[in-house]
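For reference, the structure discussed in these notes is given below.
The values are calculated or read from the model by the stated rules, or taken from the named source; none is laboratory data. What you are looking at is a predicted structure, and each value in this text was computed from that prediction instead of being measured. Neighbour counts run over all protein chains shown; Cβ positions are idealised from the backbone, glycine included. The protein model used for the area step is the full one, side chains on, heavy atoms only, and it has no ligands, DNA or RNA in it. Shrake-Rupley method; radii C 1.70, N 1.55, O 1.52, S 1.80 Å.
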Amino acid sequence: MTITIYGIKSCSTMKKAFTKLDELNVGYDFHDYKKQGIDKESVERWVKELGIDKVLNKRGTTWRKLTEEQKQAADDNVNNAIDLLVENTSMIKRPIVEGQLSDKNQGQQVLLCGFDATEFEANFQ
C-alpha cells in the first residue's frame, strides 16, 4: 500500500487523519505544503477527480483574505482557481489522501479529500 497524505502538519484536521491512519496501521508518506509546495499537475488531477468545490476550501482565512477580483476569477474559471490553489496551498481542503490500496483490494486507487473517520475506515481496513 502506497499512500501519501498531503496537508499542513500543524492543522488539527491533519492530526486527526494521522491518528486514524496510525490506528488502522496504514503506512504513509507525508507531503507538507508549507515545506514542499505542490505541483499544478497534482492539483489538476484532484480537481478533475473530486471537483473544485470539494478541493477548494472557501471557509478558511486564506480565501477570505483574497480580493473580490481574485475570488470572482476563481469562481468564473476553474483554471484560475487551480492557479490560486498552487500559490496558496492553505486553500486546499485537508487532508488529501492519495495512493494505491493493498493487494486485498486489488491495487485499487484511492483519492480522499477532507477527514471523515468512517470513510478512512471503509478504505483502509
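As a length-normalised measure over Cα pairs under 8 Å and 6 or more apart, the relative contact order of the chain settles at 35 percent. In this rough spin-label picture, where each label sits 7 Å from Cα along the Cβ direction, the GLU121-THR4 distance is 2.9 nm. Considering helices alone, the calculated mean residue ellipticity of the chain at 222 nm is -13500 deg cm²/dmol, with DSSP H runs of length four and up weighted by -39500 (n - 2.57) and normalised per residue.
Taking all protein chains into account, the per residue accessible area for the chain stands at 58 Å² (1.4 Å probe). Taking 7 Å steps out from each Cα toward its Cβ at THR62 and ASP83 produces label points 1.7 nm apart. Sorted on the mean count of surrounding Cβ atoms within 10 Å across their residues, most packed first, peptides 85-93, 23-31, 110-118, 60-68 read 85-93, 110-118, 23-31, 60-68.
Computed extension length for ASP53-THR13: 12.6 nm, one decimal, from 0.36 nm per residue of separation with the Cα-Cα distance subtracted. Computed over protein heavy atoms with a 1.4 Å probe, the carbon and sulfur contribution to the accessible area of the chain reaches 41%.
Structural size metrics of the chain, computed from C-alpha coordinates, are Rg and Dmax of 14.8, 48 Å.
As a calculated quantity, the FRET efficiency between GLU44 and LEU24 at R0 = 25 Å, using C-beta atoms, amounts to about 0.30.
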